[in-house]
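The values are calculated or read from the model by the stated rules, or taken from the named source; none is laboratory data. Predicted model, so just to flag it, every value in this text is computed and none were measured. Counting neighbours? That spans all protein chains shown, and the Cβs are built from the backbone with ideal geometry, glycine included. All accessible areas refer to the heavy atoms of the entire protein, side chains included, with ligands and DNA or RNA removed. Shrake-Rupley method; radii C 1.70, N 1.55, O 1.52, S 1.80 Å.
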Amino acid sequence: MHLHYPVPSILLLPRLTRSNGFDDSLSRTQKPVLKQALCLPPSGVVSPVLPWICWTLWTARNKLIFEDKATRSIETATKGVSAALEWCQAQSTKNSEIVCRLPSRSEPRNATRSPPEFSCFVDAAWDASTKRAGLACFFPGDRSESPFTGAQMIALVSSPLLAESLALRRGIEKALEAGFTTITILSDCSTLIRAITTKNQITELYGVLQDIHRLLSRFATIDFRLIPRSQNRVADSLAKQALKAHSQLSSVP
């Protein structure tokens with residue numbers, strides 16, 4: 001992507017954190033820093049701004065090539081920051097409390113903890129050869145309610161991480177369907193739990209993470225907890241059964 005502006009648009013942004021300035025060419029050592037750069041106040045942008053700047057540069061390029069309309073550098077930079085701010089505001093979860101609980105270093109790795117009163121265990125099984133995934137969620141229930149589960153197979157899943165995120169989203173949807181307003185989601189996927197609680201942007205999960213954050217506002221309190229795989233055996237088994245059952249049906253002539 002090559003745009004020839006008198007002044008590079010990226011230099012017109014509010015001062016970026018974690019950087020010492022960027023030259024016109026953006027060296028290899030500067031690019032990784034830019035990916036994590038955040039705009040300082042009063043911009044109001046609390047997430048990395050690079051994706052939005054790249055998008056506005058791309059649309060400006062298309063206008064120049066296909067419509068012969070040039071866009072000033074300052075307009076491109078402003079549109080990028082505005083788009084980033086709009087996205088941050090849309091992800092706001094003012095009506096819900098999100099808590100992340102990761103295992104303590106002092107806690108034994110194999111220590112068992114009783115599940116919270118209203119909890120949902122989620123897991124996924126992924127087949128690399130068919131790009132199919134089995135998704136499962138398990139609600140152990142409390143003393144007054146019986147446990148219930150949800151499992152399904154879906155196709156066209158590109159990675160195990162995407163499968164895990166789809167399973168977690170399905171668990172949240174099932175919790176809402178069941179009428180829960182307070183829930184703890186338990187998963188053994190540390191990358192996914194951190195992405196949700198820190199709002200890190202993972203390209204392949206972008207759409208799913210957006211769906212998840214939209215659903216969070218419908219809970220009074222939602223807690224995400226990372227657990228060892230040994231404590232997620234029920235959901236793991238359900239996910240594998242869903243994937244295996246479909247494979248068996250597909251092999252029947």
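General remarks:
- Loop-resident trypsin sites (Lys or Arg not before Pro) (DSSP state other than H, G, I, E or B) in segment 160-253 with no more than 16 further Cβ atoms inside 10 Å of their Cβ: Lys199, Arg218.
- Computed FRET value (nearest 0.05) for Ser129 with Arg61, which takes r as the C-beta separation and R₀ as 41 Å: 0.60
- Listed residues Phe180, Phe118, Phe66 arranged by accessible area, highest first, probe 1.4 Å: Phe66, Phe118, Phe180
- Cys120 accessible area, 1.4 Å probe, all protein chains in place, Å² to nearest 10: 0 Å²
- Net charge of Cβ neighbours under 12 Å - reference Gln210; Lys, Arg +1; Asp, Glu -1: +2
- Per residue solvent-accessible surface (Å²) - segment 161-253, probe of 1.4 Å: 46 Å²
- Hz values of 3J(HN,Hα) by residue in segment 125-138 - Karplus curve (6.51, -1.76, 1.60), Gly and Pro given as x: 10, 10, 10, 5, 6, 9, 6, 9, 9, x, 10, 8, 9, 10
- Computed from the Cβ-Cβ distance with R0 of 25 Å, the FRET efficiency linking Ser237 to Ile202 stands at 0.40.
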